[in-house]
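Reading through the structure tokens given below for one structure.
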């Protein structure tokens with residue numbers, strides 16, 4: 001099933017303007033994107049404020065969060081890439097593991113959970129982002145202290 005998706009940016013005068021529009025996007029991808037608190041495109045990180053479904057258009061409302069140099073795409077894999085990173089800005093969010101997933105429902109199954117288990121430890125979800133510049137989803141987690 002194909003859907004329409006639009007990202008809208010909050011302007012200073014409390015109005016929204018459309019900044020990105022996707023004409024034909026899988027519903028599963030829309031749902032995965034809605035689970036992401038952050039959206040990166042053209043070096044700009046946006047923070048999600050809310051989402052809506054209006055007149056058959058899925059809308060994600062965002063604020064500008066930070067600007068950085070645009071990072072390039074890392075691979076041309078046929079799979080969707082999900083990086084799981086420790087939320088630790090002092091260590092540049094170390095990479096815990098990378099998942100290659102075949103569809104957005106699999107991505108959503110990771111993004112939508114509170115707890116994940118990697119490297120013999122339990123990790124709690126903090127936030128997620130879709131980085132269109134690098135063509136990757138990122139899940140940020142913190143260690144709970146539980147070992148298995």
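Quick look at the values:
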| quantity | calculated |
| --- | --- |
| Verdict on residue 71 being within 17 Å of residue 36 (Cβ to Cβ) and loosely packed, with under 13 Cβ neighbours inside 10 Å | yes |
| Matching residues, the range 48-79, being more than 29 Å from residue 10 (Cβ to Cβ) and either assigned by TED's automatic domain parsing to the domain that holds residue 119 or free of Cβ contacts under 8 Å to residues at least 24 places away in the same chain (or both) | 76, 77, 78, 79 |
| Any hit, the range 22-32, residues being in a helix (DSSP H, G or I), under 28 Å from residue 143 (Cβ atoms) and either touching a strand residue (DSSP E or B) at 6+ places or on another chain (Cβ under 7 Å) or touching a residue at least 24 places away in the same chain (Cβ under 8 Å) (or both) | yes |
| Among the residues listed as 98, 57, 84, the single one being under 22 Å from residue 23 (Cα atoms) and either touching a strand residue (DSSP E or B) at 6+ places or on another chain (Cβ under 8 Å) or at pLDDT 95 or above (or both) | 57 |
| So residue 110, is it modelled with pLDDT under 95 and surrounded by 15 or more Cβ atoms within 10 Å (Cβ to Cβ) | no |
| The range 1-21: number of residues that are assigned to a strand (DSSP E or B) and under 22 Å from residue 107 (Cβ atoms) | 8 |
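The values are calculated or read from the model by the stated rules, or taken from the named source; none is laboratory data. What you see is a predicted model; the values in this text were computed from it and never measured. Virtual Cβ from ideal backbone geometry, glycine too; neighbours counted across all protein chains shown.
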